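Reviewing the structure listed below.
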């Protein structure tokens, strides 16, 4: 949740007329649920959020690629985030399931990719001081997918590194290895 009562810029008077300008760096993150876990992604990377709609299946693709949707005349690939990062997700879509549309750069061209999540929660401002390094052990998802652990109201959310999660080259390599296994 964006807290309007907490300024991101504070001016403190010091020694009479002198003013010291202190600026806190706050990033906004959209938080959402996949399975039993809460995650966050940089709000600036999100193009839009849409209700889960019918996804057109594509044969012979990896399990983390759900298919494609038609978004205002554009074909948008849809990735099952739970499958991609290796967590237990809700296999059936619910009324709260959404597709988060992310704008990614592929070979100097902008491309939309949809991420299926179980539910969208809130937008939070998280300062750098509230982001911890991901633990080196015990993570159920690959550590390269984790940007850090964001502290929100005495709890932590996993902040995802979208550049790694949506690395088209890696997804393509995985696609070919998955196809080879099925041959």
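What number of residues within segment 53-78 satisfy the criterion of being in contact with a helix residue (DSSP H, G or I) (Cβ under 8 Å, 6 or more places away or on another chain) and surrounded by 15 or more Cβ atoms within 10 Å (Cβ to Cβ)?
Qualifying residue count, segment 53-78: 4.
Under 8 Å between Cβ atoms, which residue pairs at least 6 apart in sequence (or on different chains) link something in segment 38-66 that is in contact (Cβ under 8 Å) with a residue 12 or more places away in the chain with a partner that is part of a helix (DSSP H, G or I) and loosely packed, with under 11 Cβ neighbours inside 10 Å?
Cβ pairs passing all conditions: 60/182.
Given the condition modelled with pLDDT of 65 or more and assigned to a strand (DSSP E or B), answer yes or no: does some residue in segment 79-92 qualify?
yes
If you check every pair at least six apart or on different chains, which have Cβ atoms under 7 Å apart with a residue in segment 25-36 that is in contact (Cβ under 8 Å) with a residue 24 or more places away in the chain and on the phi > 0 side of the Ramachandran plot first and a residue that is surrounded by fewer than 20 Cβ atoms within 10 Å (Cβ to Cβ) and assigned to a loop (DSSP other than H, G, I, E, B) second?
Note: pairs meeting the criteria are 35/87; 35/88; 35/90.
All but one of (1) farther than 18 Å from residue 145 by Cβ; (2) touching a strand residue (DSSP E or B) at 6+ places or on another chain (Cβ under 8 Å); (3) in contact (Cβ under 8 Å) with a residue 24 or more places away in the chain hold for residue 85; which doesn't?
Here residue 85 clears every test but (1).
In this structure, is residue 147 part of a strand (DSSP E or B) and either modelled with pLDDT of 85 or more or more than 25 Å from residue 61 (Cβ to Cβ) (or both)?
Considered against the rule, which asks whether it is part of a strand (DSSP E or B) and either modelled with pLDDT of 85 or more or more than 25 Å from residue 61 (Cβ to Cβ) (or both), residue 147 comes out as yes.
What's the total number of residues in segment 90-133 that are farther than 25 Å from residue 152 by Cβ, over 14 Å from the mean Cα position of the chain (by Cα) and surrounded by 13 or more Cβ atoms within 10 Å (Cβ to Cβ)?
Residues that pass the stated criteria total 2.
I'm told residue 105 meets every condition in (1) part of a loop (DSSP other than H, G, I, E, B); (2) under 21 Å from residue 30 (Cα atoms) except one. Can you identify the failing condition by its number?
For residue 105, the failing item is (1).
Name the one entry in 170, 175 that is touching a strand residue (DSSP E or B) at 6+ places or on another chain (Cβ under 8 Å), surrounded by fewer than 19 Cβ atoms within 10 Å (Cβ to Cβ), at pLDDT below 85 and in a helix (DSSP H, G or I).
175
Given the structure, is residue 112 touching a strand residue (DSSP E or B) at 6+ places or on another chain (Cβ under 7 Å), modelled with pLDDT of 90 or more and within 21 Å of residue 146 (Cβ to Cβ)?
Judged against the criteria, residue 112 is not a match.
The values are calculated or read from the model by the stated rules, or taken from the named source; none is laboratory data. In this text the structure is predicted, and so the values were computed from the model without any measurement. Neighbour counts are summed over all protein chains in view; Cβ atoms, including those assigned to glycine, are modelled from backbone coordinates with ideal geometry.
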